[in-house]
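Below is one structure, written out as structure tokens; comments come after it.
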Amino acid sequence: MTMWRATVSLTLALAVAAAWGAPPPPRSKSLAQFDNGYAQCEKRDPAMKGHRDEVYASLYRLKLDDDLRKQLDDTRKSAPYKSERRRAQQTLAKSAAASDVRQRLDQQCAALKKEIKPAAAPASAPQR
């Protein structure tokens, strides 16, 4: 019985240690809701186009690298994500007529826009 407890404890410790070092994969529901809201912001402000993953990573304090981009792409291709995305779009369509939705969306878009890091300024050419 003692050997069994030691094995279970070791397995649990290894699982916790492995999970601790890696960021959790994006959840379909939260990613779908984020993407739906961000798409609305992109419609309002074209300058936000192309920054979706950057803003997502910034909000969740994740390092945006190739691995995270792949996880996001894989999640976006999954059936649970697509289902949640449709549900989020339907919810937004139903509540779009409410006047407070427009104000909340404006606030959300302004906050998301602040998460976009400014592009590095190009080095100026040396003067002669």
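The values are calculated or read from the model by the stated rules, or taken from the named source; none is laboratory data. This structure is a prediction, so every number in the text was calculated from the model and none was measured. Every residue, glycine among them, receives a Cβ derived from its backbone with ideal geometry; neighbour counts consider all protein chains shown.
Please identify the pairs in which a residue from region 79-94 that is within 14 Å of residue 30 (Cβ to Cβ) has its Cβ atom under 6 Å from the Cβ atom of a residue that is surrounded by 12 or more Cβ atoms within 10 Å (Cβ to Cβ) and of a type in the set (Lys, Arg), counting only partners at least 6 apart or on another chain.
Going by the 6 Å Cβ cut-off, the qualifying pairs are 84/29.
What number of residues within region 78-104 satisfy the criterion of being of a type in the set (Ser, Thr, Tyr), modelled with pLDDT of 80 or more and either in a helix (DSSP H, G or I) or closer than 15 Å to residue 43 by Cβ (or both)?
3
Going by the structure shown, is residue 107 closer than 15 Å to residue 35 by Cβ, assigned to a helix (DSSP H, G or I) and modelled with pLDDT of 80 or more?
no
Here is a list: 100, 67, 53. Which entry is surrounded by 11 or more Cβ atoms within 10 Å (Cβ to Cβ), of a type outside the set (Gly, Ala, Ser) and without any contact (Cβ under 8 Å) to a residue 12 or more places away in the chain?
Step by step, each of 100, 67, 53 is checked, and only 67 is surrounded by 11 or more Cβ atoms within 10 Å (Cβ to Cβ), of a type outside the set (Gly, Ala, Ser) and without any contact (Cβ under 8 Å) to a residue 12 or more places away in the chain.
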